[in-house]
Amino acid sequence: MSDYLTGKAILINKPLHWSSFNAVYKVKFTIKKYLSPETFVNHVEGVPTVVKQEKFKLKVGHAGTLDPLATGLLIICTGKETKNIDQYQAAEKEYTGTFVLGATTPCFDLEKEIDQYYPTDHITPEMIHAAAQKFTGTLEQVPPIFSAIRINGRRAYKIARSGKTAEIKAKTISITEFEITRIAMPEVDFRIVCSKGTYIRSLARDLGEELNSGAHLSALCRTRIGAFKLEDAMTIEGFVNSFEVQ
């Protein structure tokens, strides 16, 4: 268990409605609660030194934000492993989820209420599959205004929540796979493999526009980050319980 203190990458299945920060806080709180700092030996200049509780500090961070309405794989790094966060963030991602055609929201998902409806009677399964193929390869994507991107030093979502608007520049992304797995109008299920910085919410917006309609994201799950898979992740409860049974 002491490897959590020295440095470890923890695979967590983030629950719905939890922020990534909530998950990081829970992991950090659990480690500090159940692992006695007095058992952590810090080698300073080759001399083993026991770290006292009042001096005990633990670095914990996540490698890629998941929105509160998204679930799935979150890599949380502790100790010296936090130095590898950028490496994990740069890895290829895989997502599954559901788009709803015919309606939009200001944030492109269900965090905000639907603001406009669009016709869908003209949309066929063939059109949906063809549209998905247009969004594979290297693309220029405009992130949503309700995002953590900084604009002149301010988070975009803070600007949006204040009722103001701001121009967000397009970013280059890569989508290597965009598979439509189920069509039950107005719902469309998908599986996407993409690069760092891809906003699936923005893809919902773009897909709706390509179909001469509108769309928003109603469900999202991150299933893979590089070689790390969701099936190997622990629930928050499972992580806490792994300490309690020791």
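Rule-based calculations on the coordinates, nothing more; no lab input. No experiment lies behind these values; they were computed from the predicted model shown. Here the Cβ is made from the backbone with ideal geometry for all residues, glycine too, and neighbour counts use every protein chain on show.
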So how far apart, in nm, are the two label points at E231 and K59 if each is 7 Å from Cα heading toward Cβ?
3.4 nm
Estimated inter-spin distance, E111 and T6, nm [label 7 Å along Cα→Cβ]:
3.9 nm
Once the other residues with Cβ under 9 Å from the Cβ of D67 are scored (Lys, Arg +1; Asp, Glu -1), what is the net sum?
-1
Applying the Karplus parametrisation 6.51 cos²θ - 1.76 cosθ + 1.60 with θ = phi - 60° to the phi angles of segment 175-183, what ³J(HN,Hα) value in whole Hz is obtained for each residue in order, glycine and proline being reported as x?
10, 8, 9, 9, 9, 8, 9, 7, 10
K171 neighbourhood, Cβ < 11 Å, K/R = +1, D/E = -1, net charge +1
Under the Karplus relation 6.51 cos²θ - 1.76 cosθ + 1.60, θ = phi - 60°, what is the ordered set of whole-Hz ³J(HN,Hα) values for segment 108-115, x standing for Gly and Pro?
6, 9, 8, 5, 10, 6, 4, 10
Which lysines does K57 reach when only Cα atoms under 22 Å apart count, and residues fewer than 8 places away in its own chain are ignored?
K8, K26, K28, K32, K33, K80, K83
I need the phi-derived Karplus couplings for segment 17-22: 6.51 cos²θ - 1.76 cosθ + 1.60, θ = phi - 60°, integer Hz, Gly and Pro marked x.
6, 7, 7, 4, 5, 4
Just grab the label-to-label distance for S19 and R182, each label 7 Å out from Cα along the Cβ direction, in nm (one decimal).
3.1 nm
Net lengthening on full extension, E209/N241 (0.36 nm per residue, minus Cα-Cα)
6.9 nm
